[in-house]
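Visitor: First the structure, then my questions, so here it is.
Just so you know, all these numbers are worked out from the coordinates, no wet-lab data involved. What you see is a predicted model, and the numbers here were worked out from it, not measured in a lab. Don't worry about glycine lacking a Cβ; one is built from the backbone with ideal geometry, like all the others, and counts go over all protein chains shown.
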Amino acid sequence: MEPQNQPFETEIVPYGAAGIARAAALIVDGQVVAMPTETVYGLAADATNAVAVARIYDAKGRPSFNPLIVHVRDLAAAERLGIFSDAARAAAVRWWPGPLTIVVPLRPNAWIAPRVTAGLATIALRCPGSPAMRDLLDASGRPLAAPSANASGAISPTRADHVLRSLGGRIPLIVDGGPAALGLESTIVAFGGATPRLLRPGPITFEDAVAADPGKIEAPGQLASHYAPSKPLRLEAGLAAPDEWLIGFGDLRGDDSLSESGDLDEAAANLFAALHRADQSDKPRIAVAPIPHEGIGAAINDRLARAAAT
Ligand code: TXA
Ligand code: MG
């Protein structure tokens, strides 16, 4: 059954007891709610409710072959849905709650709507660190499917107003918890095969996430063009052309900067907001200064390459 895409008067409530109570009531009623997490804002729905999950795909315009991450309160809740190897469990114990998503085989008869995993035999599980999402997990008592709270293919949201611009009128509620602390989506590691595989670089490096060789980087669930601003984007720019809005880094100053001090964590937290600002500027093109590839720089460059792909 496809729920109708009803027009909503999208409401923004601050994170707090009243906001979480409103959000939990909507979740239990099978609706979607935009929630802050420590990575980016997510569009949450009850992962056990097929209609609620369909509403996520509907609101985002997300292709139905692209599966969702399920957010859980703790490892015990995760193990009710997925089958954890020793290596997967070790990673969860070390990094949860935190910005690591673990892909494991789906447990037979797991209580989860089939569309969450888009028919795959695996499930992506994440135990978020942000108090707001943890409070909603507690208040609703459900595992929560939550992709980033943006229209499919668009720039990910790190602030409530980014969500409003992308999904306003398509969802009933946004809980505003201020700017996301990390600003980049979680690292995704698959633990199904003989060795762990990095599916998406993120705030935790692959080397830190697993005690194994880095191996080959693959991102099967990811589209090459993603996080896309509406304007052409040029990478590794040393200078801006007159018609370009330059996003600087370190000593390379531009119209905006990811981090004037050249701090990569600060750059990650600022990246999507800077892309949103560039999109809204009066210049027809965007250029971005070179960003070092070490540490979280690998994830920043991954997102920039996808934003530049057409
Ligand atoms: O930080 C995050 O992970 C944020 C916050 C809201 O938690 N969520 C997020 O979700 O980034 P989304 O839907 O934008 O990205 C999820 C990625 C997609 O690329 C999807 O293909 C992949 O996870 N994915 C989900 N289930 C998978 C599976 N079973 N196997 C492989 N990839 C999977
Ligand atoms: Mg996304």
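Visitor: At 0.36 nm per residue, and after removing the present C-alpha to C-alpha distance, how many nm does the segment from Thr195 to Trp111 gain when stretched out fully? The partial results should precede the final answer.
Guide: Values: separation 84, 0.36 × 84 = 30.24 nm, distance 2.73 nm.
27.5 nm is the gain from fully extending Thr195 to Trp111.
Visitor: Per DSSP H run of at least 4 residues, take -39500 (n - 2.57); add these up for the chain, divide by its residues and hand me the 222 nm value, nearest 500 deg cm²/dmol.
Guide: Mean residue ellipticity, 222 nm, calculated: -8500 deg cm²/dmol.
Visitor: Would you kindly state how much longer the chain becomes between Val93 and Arg80 on full extension, computed as 0.36 nm times their sequence separation minus their alpha carbon distance, in nm to one decimal?
Guide: Full-extension gain reported as 3.1 nm.
Visitor: If one computes P(r) from the Cα atoms of the stretch 57-211, what percent of pairs lie at distances over 23 Å?
Guide: 36 percent
Visitor: Ala118 to Ala18: extension gain in nm, 0.36 nm per residue of separation minus the Cα-Cα distance?
Guide: Length gained between Ala118 and Ala18: 32.6 nm.
Visitor: Regarding the chain, what whole-number volume in Å³ per residue does the convex hull of its Cα atoms give?
Guide: 123 Å³
Visitor: May I ask for the angle, rounded to the nearest 10°, between helix 17-28 and the longest principal axis of the chain, with both axes built from Cα atoms and the value confined to 0 to 90°?
Guide: The helix 17-28 is inclined about 60 degrees to the chain.
Visitor: To continue, here is another question. What FRET efficiency comes out for Asp282 versus Glu207 if R0 is 41 angstrom and r is the Cβ-Cβ distance? Round to the nearest 0.05.
Guide: 0.45
Visitor: Rounded to whole Å, give me the distance from the Cα center of the stretch 233-310 to that of the stretch 86-149.
Guide: 31 Å
Visitor: Arrange the following residues from fewest to most other Cβ atoms within 10 Å of their Cβ: Glu38, Glu185, Glu244.
Guide: Ranked by crowding around the Cβ, least crowded first: Glu38, Glu244, Glu185.
Visitor: Hey, for a label at Ala151 modelled as a point 7 Å past Cα toward Cβ, could you say which residues of the stretch 269-310 have their backbone N under 20 Å away?
Guide: 272-286, 306-310
Visitor: A follow-up question, please. Test of understanding: ordering Phe272, Phe84 by Cβ neighbours within 10 Å, fewest first, what list do you get?
Guide: Phe84, Phe272
Visitor: Using only C-alpha positions, report the orientation-averaged shadow area of the convex hull of the stretch 23-124, nm², one decimal.
Guide: On the way: hull surface 25.2 nm².
For the stretch 23-124, the mean projected area of the Cα convex hull comes to 6.3 nm².
Visitor: Here is a further query. Over all alpha-carbon pairs of the stretch 69-141, lay out the pair-distance distribution in 10 Å bins, whole %, shortest bin first.
Guide: Per 10 Å bin, starting at 0, the Cα pair percentages come out as 20, 54, 25, 0.
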